[in-house]
1. Can you run phi through the Karplus equation (6.51, -1.76, 1.60; θ = phi - 60°) for segment 17-23 and list ³J(HN,Hα) in whole Hz, with x for Gly and Pro?
2. What does the charge count near Pro224 come to, summing +1 for each Lys or Arg and -1 for each Asp or Glu among other residues with Cβ under 11 Å from its Cβ?
3. When His66, His118, His238, His78 are ordered from fewest to most other Cβ atoms inside 10 Å of their Cβ, what list results?
4. Give me the net charge for the shell around Arg164: Cβ to Cβ below 13 angstrom, other residues only, Lys and Arg +1, Asp and Glu -1.
5. Which net charge results when you count Lys and Arg as +1 and Asp and Glu as -1 among the other residues whose beta-carbon is under 15 Å from that of His69?
6. Rank the residues Leu121, Leu205 as a footprinting-exposure proxy: fewest other Cβ atoms within 10 Å of their Cβ go first.
7. How large is the helix-only mean residue ellipticity at 222 nm for the chain, computed as the sum of -39500 (n - 2.57) over DSSP H runs with n ≥ 4, divided by its residue count, in deg cm²/dmol to the nearest 500?
8. Just how large is the dipole of the chain about the Cα centre, in debye to the nearest 20, putting +1 at every Lys and Arg Cβ and -1 at every Asp and Glu Cβ?
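Please treat every number below as a calculation from the coordinates, not as lab data. Computed from a predicted structure; not experimentally measured. Cβ atoms come from the backbone with ideal geometry, glycine included; neighbour counts cover every protein chain shown.
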Amino acid sequence: MITSTVSRESPNSPNPDFYEVRRRRGDDNVQWMNRLLESYTPQGMVMLLLGGTDQLAFRLRVAQAHLRHDMTPSSWSHIALVVEPNVKDVARSRLVEISLDPPGGFGWAPERNAVQEHVPLARYRDPEAFPNIAVVDLPPDSASSRTKQRTDVQAARERFMKTRGTIDCCDLVLQWLAFGWGAGQAANPLFAGRGIPSAVLVESLAAATGFDLTPSIDSRMSCPEAVWQGAKWWYRLHDQVATRRLMGAYWVGHTFIPPAK
């Protein structure tokens with residue numbers, strides 16, 4: 001279990017409760033998570049950050065460069081919510097997400113506001129396809145139990161799927177696919193305040209627990225990079241406003257541009 005280390009933090013230090021765990025040579029992402037669980041027990045709402053390497057992931061990672069101080073591509077292209085964790089066999093855990101390339105297709109997306117349920121976590125096992133991975137854990141607040149938090153998130157998910165008038169993720173999916181595929185003259189949706197659908201979903205669900213996942217930007221333009229920054233760098237603001245912080249671990253095995261020396 002991770003414990004708070006506030007007293008040992010320097011003013012510009014990254015979140016000590018969100019730390020790097022190297023992927024061993026030959027390990028896939030499921031094995032990496034299994035090894036993480038040997039020393040870390042998730043406390044609440046668990047999110048899975050991923051950075052892919054295919055053409056669409058490349059477009060998404062580059063699109064988020066404007067949120068970074070050095071304008072380099074993000075390490076992250078997707079985020080999903082772990083709704084059915086299985087600590088004995090991580091590969092059997094289930095996710096809720098809004099993927100822009102779902103293996104089984106989109107189906108009739110309008111009836112679910114584009115949300116995809118019952119996705120096997122094993123889909124993201126391949127470390128070559130998804131070399132960057134992070135487990136982001138949002139503990140319940142002091143007045144709530146983990147069970148209540150899970151109930152609140154589930155209720156919020158059901159509302160999200162039925163309220164396209166509030167946040168239309170079908171529209172977001174189409175805008176991001178147009179940008180990703182270079183269709184017509186589609187511009188980067190982030191420039192118009194249109195977030196990446198997967199992140200908009202988890203941002204909305206975190207808000208149902210009273211937590212602002214990305215406090216420096218509008219929740220409607222949320223993206224995986226903003227969640228990453230919130231977990232690694234904005235924890236002091238979370239401490240002050242929400243009196244709790246994101247926890248977890250990560251491994252970044254791929255960047256498009258080598259870090260500056």
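1. 9, 9, 10, 7, 10, 5, 7
2. Value of the local net charge: -1.
3. Sorted ascending by nearby Cβ count, the order is His118, His66, His238, His78.
4. Spelling it out: positives minus negatives among the neighbours equals 0.
5. Net charge in that neighbourhood comes out at 0.
6. Going from least to most buried by this count: Leu121, Leu205.
7. -8500 deg cm²/dmol
8. The calculation lands at about 300 debye.
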